[in-house]
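Read through the structure below, which is laid out as structure tokens, and then see the notes.
The values are calculated or read from the model by the stated rules, or taken from the named source; none is laboratory data. Computed from a prediction, not measured in an experiment: that's the story for all the values here. Cβ placement follows ideal geometry from the backbone for every residue including glycine, while neighbour counts extend to all protein chains displayed.
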Amino acid sequence: MTRTQATAEIFWTAFQVLPSKEKLAVLKRILKDKELRQTVIDLSGVKNHRAERARTPRKYLTARELLNSDLIGMWQDRTDIGDSAAYARQLREQAQNRMLK
């Protein structure tokens, strides 16, 4: 193991034992730093994934295909969901809040 790898291992171990709030604080701090954020993005391959998705043609459903699909009415038999429109709205809000954090 190289010195750099050993140092990385020490920091990784320290990060892993942090409580969730502290882990989140460290990650937020990394993302605030433009250079570190770009390094994380570069290492993650996010740009390549986005570019690959952009090249893949998307098939959109027509109104008739949508009506005949299993999407319409998929929640009708769920007993744990009272108002499906309110439930869908709540899911959208949760997803948007996750993206903003």
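Worth pointing out:
- The number of residues in the stretch 16-33 being surrounded by 12 or more Cβ atoms within 10 Å (Cβ to Cβ) and over 21 Å from the mean Cα position of the chain (by Cα) comes to 1.
- Count of the stretch 34-45 residues which are farther than 17 Å from residue 100 by Cα, surrounded by 11 or more Cβ atoms within 10 Å (Cβ to Cβ) and either at pLDDT 85 or above or of a type in the set (A, V, I, L, M, F, W, C) (or both): 2
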